[in-house]
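What follows draws every value from the coordinates through simple rules; no lab data is involved. Nothing here was measured: the structure is a model prediction, and the numbers come from that model.
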């Protein structure tokens with residue numbers, strides 16, 4: 001019932017506006033809580049990966065102390081308790097073992113799926129850290145034909161790229 005000269009919203013218009021605002025706020029709240037939950041999961045996964053990688057490094061540095069088929073432990077890290085198990089598996093290379101480290105949040109009584117599982121390798125078949133078994137200063141040593149290097153050259157001959165314009169190659 002609007003009289004001439006009066007202005008304003010009707011009750012139905014106000015209720016519709018409130019419903020629209022409530023739906024928008026509900027969607028925003030759902031998004032924010034989902035982002036917070038995902039952020040917490042990623043934080044836990046990152047910390048668990050650090051613990052697993054630290055464990056693999058510890059096993060590599062103390063090769064003579066470890067080597068059972070399974071060892072377990074707990075660690076306090078990032079103001080929380082975590083537990084892990086380290087498993088050792090044989091590989092097709094006799095002097096190399098595969099390590100699998102699984103990490104859970106909580107103490108050893110905690111059950112469920114691990115937060116993270118990381119695989120590493122251990123043994124004498126691996127190179128010394130920081131070195132390579134390929135001499136990169138000599139170029140490619142992969143043969144392209146039976147017993148011949150690239151372009152029919154003998155194996156071990158460095159590969160010198162030819163520019164696409166057909167110009168002379170630059171070593």
Would you compute, for the Cα atoms of the stretch 11-123, the largest minus smallest coordinate along each principal axis and list the three values in descending order, in whole Å? 81, 30, 21
Stretchable slack from residue 41 to residue 90, in nm (0.36 nm times residue separation minus alpha-carbon distance): 14.4 nm
Of all DSSP beta bridges located in the stretch 11-123, what percent are antiparallel, nearest 5? 100
